[in-house]
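Notes to accompany the following structure.
The values are calculated or read from the model by the stated rules, or taken from the named source; none is laboratory data. Please read these numbers as outputs of a predicted model, since none were measured by experiment. For neighbour counting, all protein chains shown are included, and Cβ atoms are generated from backbone atoms with ideal geometry for every residue, glycine included.
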Amino acid sequence: MIFIGVESENAYSKETLEYIKWIKEMVERLNWSFPAENISRELGLTGDESVKLIELVNQNEVRGKDELKSLLENPDRLNSEAFVENNAAKKISNAVKKVSLERVLELYKLPVNDIKSVLNIDYVRGEGDRFVVEKLIDPDKIDDNSVADMRGRVKSWNLYDKILFSSDDTLTVMSIEMNSIDINLRQKFNIEIEKRIKENPRSGLNVYIAGEPVVSDRVSSSTRSDLGWLLPFVLIVMVLILTAVFRHYEGVLFPMMGIIISIIWTMGTMVVLNIPMSMVSITVPTVLAAVASAYGIHFMTHYYMSRENSRYESSMESMKVSGLAIIMAALTTVVGFGSLATSDMTHIKNYGIITAIGVFYSLVVSIVFIPVFLMLRKSTKPHLKFVDKEYDSSDFSSRFLKFLRRYTGNRPGTVLAVSLLIVCLSIYGIKSIELSMNSMDFFQEGSDIKIAENHLNNKLAGTQILDINIESIDGTEVITPAVLEKIENFQKDITSKFSDVGKTISVNDYLKKMNMEMNGGKSEYNRLPDNAAMTREYMLLYSGDIDGVITRNLDKLRIHISIKRGKISDQMIIREYALTYFDEAFRSDNKVKVESSGFMDLIMEANSLIVEGQVSSLLLSLAVVAVLMALIFKSFSLTLISMIPLVVGIAMNFGVMGLLGIPLNAVTSVVASISIGMGIDYSIHFINQYRVSYAESDDIDTAVARTYEGTGRAILSNVVSVTAGFLVLMFSKFPIIQQFGGLIAFTVASTGFAAIIIIPAALKISGRPPKQ
Amino acid sequence: MKNMVNGSTESRKAVVMTVTKGGLTQALIRFTDSSYSGTTMLTVERPGKDNLQYLYLPSVGSPRQIEGSDRENNFVDTDFSNEDLGGSRIADYNYKRLADQKTGAYDCYVIERFPKNSSSKYSRHVVVIDKATMIPLNIQFYGRSGRVVKTMRAGQIRNIGNSINIPMYLEVVDIEKKRQTTLSVAAAEEKALNQGYFNRNRMSAKWAEQ
């Protein structure tokens, strides 16, 4: 439900109603022209052809999908049966074949199901033996008198209060019920409505647009503005880091080219696969920049460290030393992101898939393009200082690595004990993690949408809609006195128990009003009809629009609950209360089933899916990564050791979330899975080089020392570049992206440091040489 | 009545009586089975004014004059609108004649009519009328979106006496709500009626025809 609130000093005014009428007509026109425009654009048809195609679907959809498909895909039939001119018939059938009938049917849908406003809401009144169902006001006769009449009517029936008008008379709201359409189309539609309203302001009238679709869609649309500058920002950061690491333009230029190529390929793939930009996928370029930089860093480090002088030989050697590690590191990262494909939430799933593809591109680019770029150069290979002075030099990273080597070598037990302590503390923190998917968390204070949501939630019953449906199991009527009585008590109880429940509406509200109007408007008749027969006949008498609360054959009732926007966990309590209120005994006595539905219900479902998805994708990526490690290292103990930094890093991630009060939501829940894929890279690089060094030296201490000298520096640079890349996200306008970036940066950094601190200690303690 | 999504159906029997005096029709419809048994509706056509409609509900005990602002609203819980069942007025539309066509065995006029009322649910109707009996055989209702939202078909036209022709079969499909209502006439005859039935105060009376 989209809510458009129009506020002024007096909402019962001609000006307000005229504006509501203008908005309604604008939305209607947009609604009607929208499918043809999209079909025309997406199928490459002219306006007339799209209109014709819509007409064909419209006239033939009752005949079933198969029949529709065979008609639309056959130009001869289109011509002979539907009188479509030959060329157009060919064009239409080709276009339908190309995009598939399913897509055409998706584009064919009207975005809006229903628009409710003061202009088309029913009013019921009795007058002697007359029973009248009419509109609150005739939209063609809006004048001071009719508006005053209307105000009287609105005030006479509590049903409208906080649903149609605010209690203080300053706000009236139009609600637009959307059909379930492709999220991209819905977003486009919502943006257009907002744009047109903004372009046509009325003096003295403020407009507030809110409601779940607007919020979720705004999330995705305003993220685009973030993309505009976060990407250049992260690229600049990468240039700075590469400069600091290599201090040579080749070390900056080639990895940067790799980064840019993989980002372009990935964005192109998104377009080809028709994956929309969402709150999460907005981070794809930044994530790729960070990840791809790591592969470049490893390759370039080993390239420069090669003792060979020719570019070709050095590239070959670098490939030998780091190639396998880079490939495995990339594959595990692909697994980490790929595990999100198991998510039931489309945005997360898409994000996982596209990033996994992007990481794969980065891998290809890093191990194919970078060596090629290097070899294409005619000049001799530059000799970099850090290669000479590496170990005994006085630069910070060398000193730091030297310190780590000594410490972990001398006190491996302490290192492991401290790690264990950190894990325990983190587990303690995990307990206080809160599960929350309030989309409003996505917005900063003072943003339009937050102001509108707050305002509408304050003045009205609430923008969150939860429906409770009571449906007969055997298709009989559900309007028995027992059921209606229970609903009556439920409406009273839930409203008094939860302050967030702003309003409930059920068929009872209509029945009571009718009973009163049928009995001369006397307030003592403001109660439910005396028996089922009367109830049934009242429903017959009611000729207005009542489909929202009861089906016409009276076998299904719906209770609308308007809830103020708040924490999802609180709303889940409300839903739980509602569902258990209609207990087993009630259900079996009355032969009904009771279920919840509505947009809120979807959000709550999504919320539970987060936890399930979190656990399953976490386990999946851990398992796959462990198998990969076992395959590479062919050693149980090395596999185990390689996984320790991951466990520490992930535990710290959740621990920090608990301690800082960062909620687990759609975005923060993917941090762990992603971190596994990236975090294991450090273990791979470290252990891979350790095995090579051990083979040469046959001594654990020497092997560890050489590993620090060789890959330690690359890992450190890698940790810095990835962390910095994700930290860039903290400059996003959106709190949730900031949390995402911050958490990944923290987790990746923890895992990276854990790898170069814990792995040597663990190797020392295990004391066993690696198998060859 | 049929829900076209889940296939559930519901049926109901009714007796309909109509008289025409001076070109104006009065009609009575009474449900004779199901929980609606006894529910009776009286429609009285008036020159130049909206029809008067009374609904007698057994449990309420006295008839109520019902006034819907909208003739396009459905007749009780069917998919027929009040208009479909004879409540339509010539003056409510602008007309345009389209080319004649043959529908099955029937030679037909085709007209397009446009509601004058701006708050109508429909932008236009395309009506196919049997030339011989002047009974509409097919009506396509175009919503304001320009799409067909409802169709009505009539068939099996029978002559039951003095130039009285009625379709024995009427079907309305609500395309948006995916519901269908079929009206099948089991028997129809022309006969002398007790005109006292057509009185709002006698709507509860038992009919000989029941």
Conditions (1) surrounded by 20 or more Cβ atoms within 10 Å (Cβ to Cβ); (2) in contact with a strand residue (DSSP E or B) (Cβ under 9 Å, 6 or more places away or on another chain) -> A:Met534 fails only (2)
Given the conditions (1) over 25 Å from A:Gln571 (Cβ atoms); (2) outside any helix (DSSP H, G or I); (3) outside the structural domain of A:Val501 (by TED's automatic domain parsing); (4) among the charged types (D, E, K, R), which single one is not true for A:Arg406? (2)
Residue check, A:Leu660 against (1) closer than 14 Å to A:Ile430 by Cα; (2) surrounded by fewer than 23 Cβ atoms within 10 Å (Cβ to Cβ); (3) in contact (Cβ under 8 Å) with a residue 40 or more places away in the chain, all met but one. Which one? (3)
Selected residue [within 14 Å of chain B (Cβ to nearest Cβ), touching a residue at least 24 places away in the same chain (Cβ under 8 Å) and buried (at least 19 other Cβ atoms within 10 Å of the Cβ)] from A:Glu453, A:Glu517: A:Glu517
Hits in the range B:79-102 - residues which are assigned to a loop (DSSP other than H, G, I, E, B) and either at pLDDT 90 or above or under 14 Å from B:Pro136 (Cβ atoms) (or both): B:Phe80, B:Ser88
Run down A:Ser13, A:Ser40, A:Ser50 and say which single residue is touching a helix residue (DSSP H, G or I) at 6+ places or on another chain (Cβ under 8 Å), buried (at least 17 other Cβ atoms within 10 Å of the Cβ), of a type in the set (S, T, N, Q) and within 14 Å of chain B (Cβ to nearest Cβ). A:Ser50
Which listed residue, of B:Tyr106, B:Tyr95, is farther than 26 Å from B:Gln180 by Cβ, away from chain A (no Cβ under 13 Å) and over 15 Å from the mean Cα position of the chain (by Cα): B:Tyr95
Any hit, the range A:487-497, residues being modelled with pLDDT of 90 or more, within 23 Å of A:Ser166 (Cβ to Cβ), assigned by TED's automatic domain parsing to the domain that holds A:His560 and crowded, with 18+ Cβ neighbours inside 10 Å: yes
Which one is nearest to A:His302 (Cα to Cα), of the residues in the range A:687-710 that are among the hydroxyl-bearing types (Ser, Thr, Tyr) and free of Cβ contacts under 8 Å to residues at least 60 places away in the same chain? A:Thr707
Take the residues of the range B:163-191 that are hydrophobic (A, V, I, L, M, F, W, C) and farther than 23 Å from B:Gln210 by Cβ: which is farthest from the other protein chains (Cβ to nearest Cβ)? B:Val172
Restricting attention to the range A:636-654, does a residue exist that is part of a loop (DSSP other than H, G, I, E, B) and buried (at least 18 other Cβ atoms within 10 Å of the Cβ)? no
Out of the residues in the range A:538-553 meeting the condition of being among the charged types (D, E, K, R) and more than 7 Å from chain B (Cβ to nearest Cβ), tell me which one is farthest from the chain's Cα centre (by Cα). A:Asp545
Test A:Gly462 against the criterion of being under 35 Å from the mean Cα position of the chain (by Cα) and assigned to a loop (DSSP other than H, G, I, E, B), and give yes or no. yes
Determine whether A:Asn179 is surrounded by fewer than 19 Cβ atoms within 10 Å (Cβ to Cβ), within 14 Å of chain B (Cβ to nearest Cβ), closer than 23 Å to B:Val148 by Cα and not β-branched (Val, Ile, Thr). yes
Please give the number of the condition A:Pro139 fails out of (1) at positive phi; (2) within 11 Å of chain B (Cβ to nearest Cβ); (3) under 40 Å from the mean Cα position of the chain (by Cα). (1)
Go through the range B:51-70 and report how many residues are at the interface with another protein chain (Cβ under 10 Å from one of its Cβ atoms), farther than 14 Å from A:Tyr538 by Cα and assigned to a loop (DSSP other than H, G, I, E, B). 2
Tell me, yes or no, whether the range A:537-549 has at least one residue that is touching a Lys or Arg at 6+ places or on another chain (Cβ under 7 Å) and part of a loop (DSSP other than H, G, I, E, B). yes
From B:Gly38, B:Gly7, B:Gly48, grab the single residue that is of a type outside the set (A, V, I, L, M), outside any strand (DSSP E or B) and closer than 15 Å to B:Arg202 by Cα. B:Gly38
In the range B:126-146, how many are out of contact with any Asp or Glu (no Cβ under 8 Å at 6 or more places or on another chain) and among the charged types (D, E, K, R)? 0
